[in-house]
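Read the figures in this text as sums done on the coordinates, not as results from a lab. Computed from a prediction, not measured in an experiment: that's the story for all the values here. All Cβ positions, glycine included, derive from the backbone under ideal geometry; neighbour counts span all protein chains shown.
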Amino acid sequence: MSSRMFHISTEEEIKKGKTSDVYFYRAREILQAEGVDKRVRAEFVLKKFPESWKWGVLAGIEECACLLTGLGASVDSLEEGTIFATGQPVMTIEGRYLDFGIYETALLGLLCQASGIATKAARCKKAAEGRPVISFGARRMHPALAPMIERSAYIGGCDGVAAVVSADLLGIEPSGTMPHAPVLLMGDTVKAAVAFHRVIDPKVARVALIDTFGDEKFEAIEVAAALGTSLYGVRLDTPSSRRGDMVALLREVRWELDLRGYDYVRLFVSGGLDEKEISELNPAADAYGVGTAISNAPVLDFAMDVVEIEGRPIAKRGKLSGGKRLLRCTDCFRTAVVPEKARVAACPCGGSYEDILKPLIRDGAVVRELKRPGQIRAHVLEQLKRYEP
């Protein structure tokens, strides 16, 4: 049995480069032995999105900054939470390759998974058309990753997160009602809902789980009668094997509640949802809990490639060499990748371009204020209103 309590890397091991693929160690050993210590520029670019995605939300920049601080390199990056497309450099590093090359594995890991989760969360939030979306996905991944997963989900657009440690780090209250276990142990949905109302802090919204024993319609009516105006909503976590037409089920529950004067009770849906199902449920649902689809989102397959050595443009086949600027029109959101020294005209729409690759680290020190998660999330939501790929 391992001497470690859990199978995770420590912060010290990550900072020392011990999570790197071994061939980066061998590359360093070869270069040192041959006396090759050159200044390079490397960039992080996504070649292709998973599935049918057309855009991504960049996440993981804060952790990359932590990893690269003190290495003597200079780094430019997009602001965390920026929407980007394929072929656009999202981060560049300039410095001695031997200073930072060993960290390629970790840097890609920090960007690829966090950006995939943030993008999936943004897709779900966009599909919800203003309805709340809560991240329920911590249980589907290793617990050591819960803070990263739910931070990425939150900045991608989720309105709340379930795991306590994640909410603490985000500076928000954790979201959630109760699992099926108390209902099963107490033997009755209404008893469990009343106990929740009696015991739990009044600032927590009263949302009753209504699919444990009986028909959702009848359990919703009974819970509403018991809690009255204290009931904020009911949650349907109905398993797929029992759902049938979920929109019809929700409409039936809505009809019966409204008929009895409980039109203020909101309908929450959870269990196996993604952006496609959210779009289908919008006509009848008021809010969503999304778990596996977000926490197990496809990673975004970034690559780190050297594009300059000692100021000379050079890159492997299939890559564009040389330093680049990433420009975005402040009016129409059009984005262009151009050579670093290219002269840039106005955007075809008549608006002005701005450089969105901005200094992050200079000579090993962070030079840009890193935004708080709530600010990043607001930035993502604002972009989602206007971004049309």
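Using only the C-alpha atoms, the convex hull of region 125-295 corresponds to 115 Å³ per residue.
Checking the a/c ratio against 1.5 first, then a/b against b/c, what shape does the Cα gyration tensor give for region 228-331? Prolate is the answer for region 228-331, as a/c is 1.5 or above and a/b outweighs b/c.
Taking amide H as placed 1.01 Å from N in the peptide plane, ARG325 has its amide H under 5 Å from the amide H of VAL338, GLU340, each at least 5 places away in sequence or on another chain. For region 354-366, the Karplus equation 6.51 cos²θ - 1.76 cosθ + 1.60, evaluated at θ = phi - 60°, returns couplings of 10, 6, 9, 7, 10, x, 10, 9, 10, 6, x, 10, 5 Hz by residue, with Gly and Pro reported as x. Here, region 50-180 is characterised by an Rg to Rh ratio of 1.01, where Rg is the alpha-carbon radius of gyration and Rh the Kirkwood radius. Of the residues THR92, THR212, THR229, the one that moves most in a GNM of the chain with alpha-carbon contacts below 10 Å is THR229. Of all the options GLU11, GLU79, GLU173, the one that moves most in a Gaussian network model of the chain with Cα springs shorter than 10 angstrom is GLU11. The protection proxy used here, the mean number of other Cβ atoms lying within 10 Å of each residue, ranks peptides 58-65, 272-279 as follows, highest first: 58-65, 272-279. What the phi angles of region 148-160 give under the Karplus curve with 6.51, -1.76 and 1.60, with θ = phi - 60°, is a coupling list of 5, 4, 7, 5, 5, 5, 5, 5, x, x, 4, 7, x Hz, glycine and proline written as x. Based on the alpha-carbon gyration tensor of region 13-94 and its eigenvalue square roots a ≥ b ≥ c, which shape applies: rounded if a/c is under 1.5, prolate if not and a/b is larger than b/c, or oblate? Because a/c hits 1.5 or more and a/b exceeds b/c, region 13-94 counts as prolate. The calculated FRET efficiency for ARG362 paired with ILE309, based on their beta-carbon distance and R0 = 25 Å, is about 0.75.
Equivalent ellipsoid of the chain: semi-axes from √(5λ) of the C-alpha gyration tensor, largest first, are 46, 24, 16 Å.
Applying a threshold of 20 Å to the alpha-carbon distances of LYS48/LYS358; LYS48/LYS125; LYS47/LYS324; LYS15/LYS48 flags LYS48/LYS358; LYS48/LYS125; LYS15/LYS48 as lying beyond it. Could you tell me which of CYS349, SER135, CYS124 has its Cα farthest along the dipole of the chain towards the positive end, charges placed at Cβ (Lys, Arg +1; Asp, Glu -1), taken about the Cα centre? Selected residue: CYS349. Given a 10 angstrom Cα cut-off, can you work out which residue in MET246, MET91, MET186 is the most mobile in a GNM of the chain? Comparing MET246, MET91, MET186 in the GNM, the peak value goes to MET186. With each label modelled as a point 7 angstrom along the Cα→C-beta vector, the ALA205-ASP188 pair spans 2.7 nm.
Taken about its Cα centre, region 125-295 carries a charge dipole of about 280 debye when Lys and Arg each add +1 at the Cβ and Asp and Glu each add -1 at the Cβ. In region 125-295, with Lys and Arg counted as +1 and Asp and Glu as -1 at Cβ, which of these residues, SER166, ALA293, TRP255, has the Cα nearest the positive end of the dipole, that is, farthest along it? Of the listed residues, the answer is SER166.
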